[in-house]
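Take a look at the structure set out below.
The values are calculated or read from the model by the stated rules, or taken from the named source; none is laboratory data. The model shown is predicted, which means the values in this text are computed figures rather than measured ones. Because the Cβ atoms are built from the backbone with ideal geometry, glycine has one as well, and the counts that use them run over all protein chains shown.
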Amino acid sequence: MADQKNSGGEAFASWREWVSQSETQVNKLLNDVMGTEGYTRVLGGLTKVFVSMQKNTGEAMERYFSALSLPTRSDLIEVGERLSTIETRLAAIEEILARMSGVSASGSESAAAGPRPPRTKKPAVAKKAAKGGE
Amino acid sequence: MGAAPAAVDTSIAARVRAEVERTIQRNIKGLDYLFSGDPNLGLTPKDTIYKKGTLQLYHYRPLAQEVYRVPVLLVMSLVSKYYILDLVPGQSFIEFLLKQGYDVYLIDWGVPRPEDRRLRLEDYILDFMPDCISRIEGDSGEPDISMIGYCMGGMLAIMYSALCPGPPLKNLVCLTTPVNFDGMGLTRQWTDKRYFDVDRIVDALGNVPPELMLASFDMLRPVARIAQQIRLWDNMWNDDFVKSYRMFDRWANDQIPFPGECFRQTTKELMWDNKLYKNELELGGRHVDISNIRVPFMSVMAEHDHIVPYESAKDLINLVGSSDKRDIVLKGGHVSMVAGPNASRRLWPELDGWLSERSL
């Protein structure tokens, strides 16, 4: 992050040092606990609960929206998938048309970039060596 | 004799005065902080030369009078936003590369949509990446390419390079790239197959929600956020610190979902069975053998990386088959190695020195 050297000799320097040290120590302490099999088992259990809740809520909402004749999340995902297929096909058609007309499919944006520099650059070391050999 | 105590008094008075001034500044600037918007990042001028679904292939506009012959492709991770490599002018890795004379392209995978839940590693490595590379060949007119992968992007680059080891690939650089998942520390422990039901997660949720990803990263350093908040308050008077904090904080909180099938595959085949390291991984029926990689290769690791620990990345150098290969360990963490002042002093010049000679 930003340079903190200028705060080194100040009144709160030792407090800042303490914060840094405490952070390292507490992280290590908690990581030691989190590295145990017991923690992993609890974490796995909690994740299962979270996922089940999400799933149940999702299913309940699906039923609710269906009852109201409104599109559900799965309906929208299905529409999204179809749109994605259409997008891919459109891009392929664009590509073919661009190739037929001899223009890059992304021609408009590339043109905005203007002329490109030559690919002649040499690293500083190689340039020096070349000069030395001359 | 009396001069010394007087000097001490003055010094103490000056310190107290400075601290009072800072406290006032903290309060004033703290209000500014609360009411101002997120910083704009990733603004180096670029053109999108290819799109497919959420994927966008960018070409950055050159910032040098002449460029190296071989273009550079940056491959980002699937689980984080690309703009960590392009923060603000002066702190942007991409801007640095452009100024050094590289022709830079970047694959931005975008934010996976619910319908992307079926995407697997095969889709990224055998479909999207070759597509992007052929676009770059067409756009640049060059038959060669250097690839730089960051984090999981490095892993994708490794898999691609192992399956397509010949041209156009000319150089490969992996930044903090895991290969031996037995060395993934707590992440490996938390995904223990006895307790971590990946099928239930993917079947129920589709893509893995960003909140879950963020929580798992946060758990690796449980009190880091609290300590960062304390440091932020302490340095609220310091505009440079606050600016830097906001950039990194925005990126760290801007997590994206992990495509479901890809997460299932990564968990089972890489995290559980460690197939990439054991040379047993197959993608699309093709064997991913890292020793097939023969191009000049560089692996860079961070000394204090808590996301991709050194143990998980150190063996990569021994697995690649290149004769021209190098690995280095730099000071810094997973993020500070590639972005910010630490990166501009260490990684960027080191990488430039290595790549420039191989980009002719």
Legend entry - Residue tally, condition touching a residue at least 40 places away in the same chain (Cβ under 8 Å), buried (at least 17 other Cβ atoms within 10 Å of the Cβ) and not in a loop (DSSP other than H, G, I, E, B), over the range B:189-209: 5
Inset, instruction - Read through the list (1) within 22 Å of B:Asp305 (Cβ to Cβ); (2) of a type in the set (S, T, N, Q); (3) out of contact with any Ser or Thr (no Cβ under 8 Å at 6 or more places or on another chain), then give the number of the only condition that B:Ser92 fails. - result: (3)
Inset, instruction - State all residues of the range B:123-138 that are in contact with a Pro (Cβ under 7 Å, 6 or more places away or on another chain) and surrounded by fewer than 19 Cβ atoms within 10 Å (Cβ to Cβ); if no residue qualifies, say none. - result: B:Glu137
Legend entry - A:Glu109 acidic (Asp, Glu) and at pLDDT below 80: yes
Inset, instruction - Out of the residues in the range B:30-63 that are of a type in the set (S, T, N, Q) and in a loop (DSSP other than H, G, I, E, B), state the one that is modelled with the highest pLDDT. - result: B:Thr44
Inset, instruction - Show the residue pairs that are 6+ apart or on different chains and have beta-carbon atoms under 9 Å apart, the first residue being within the range B:219-241 and without any contact (Cβ under 8 Å) to a residue 12 or more places away in the chain, the second being acidic (Asp, Glu) and crowded, with 16+ Cβ neighbours inside 10 Å. - result: B:Val223/A:Glu23; B:Ala224/A:Glu23; B:Ile226/A:Glu23; B:Ala227/A:Glu23; B:Ile230/A:Glu23; B:Phe241/B:Asp234
Inset, instruction - Mind telling me which of the residues B:Gly321, B:Gly332 ends up being assigned to a loop (DSSP other than H, G, I, E, B), touching a helix residue (DSSP H, G or I) at 6+ places or on another chain (Cβ under 9 Å) and surrounded by 21 or more Cβ atoms within 10 Å (Cβ to Cβ)? - result: B:Gly332
Legend entry - Cross-chain or 6+ apart pairs with Cβ under 8 Å, the range B:64-75 first and at the interface with chain A (Cβ under 7 Å from one of its Cβ atoms), then in a loop (DSSP other than H, G, I, E, B) and of a type in the set (A, V, I, L, M, F, W, C): B:Tyr68/B:Leu360; B:Arg69/B:Leu360
Legend entry - the range B:340-360, subset closer than 21 Å to A:Arg119 by Cβ, out of contact with any Pro (no Cβ under 7 Å at 6 or more places or on another chain) and within 12 Å of chain A (Cβ to nearest Cβ), residue surrounded by the fewest Cβ atoms within 10 Å (Cβ to Cβ): B:Gly353
Inset, instruction - Working only within the range B:133-148, note down all residues that are closer than 19 Å to B:Arg286 by Cβ and either in contact with a strand residue (DSSP E or B) (Cβ under 6 Å, 6 or more places away or on another chain) or not polar (S, T, N, Q) (or both). - result: B:Ile133, B:Met147
Inset, instruction - Taking the options B:Ile148, B:Ile136, name whichever one is over 25 Å from B:Ile307 (Cβ atoms), among the β-branched types (Val, Ile, Thr) and touching a residue at least 24 places away in the same chain (Cβ under 8 Å). - result: B:Ile136
Inset, instruction - Hey, can you tell me all the residues within the range B:94-122 that are more than 14 Å from chain A (Cβ to nearest Cβ) and either of a type in the set (S, T, N, Q) or closer than 16 Å to B:Met152 by Cβ (or both)? - result: B:Leu106, B:Ile107, B:Asp108, B:Trp109, B:Arg120, B:Leu121, B:Glu122
Inset, instruction - Go through the range B:233-244 and give me each residue that's touching a Phe, Trp or Tyr at 6+ places or on another chain (Cβ under 9 Å) and buried (at least 19 other Cβ atoms within 10 Å of the Cβ). - result: B:Asn235, B:Met236, B:Val242
Inset, instruction - Determine which single condition A:Pro115 fails, assuming it passes every other condition in (1) in a loop (DSSP other than H, G, I, E, B); (2) modelled with pLDDT of 85 or more. - result: (2)
Inset, instruction - Consider B:Glu282 carefully, then state whether it is surrounded by fewer than 22 Cβ atoms within 10 Å (Cβ to Cβ) and either in contact with a Ser or Thr (Cβ under 6 Å, 6 or more places away or on another chain) or in contact (Cβ under 8 Å) with a residue 40 or more places away in the chain (or both). - result: no
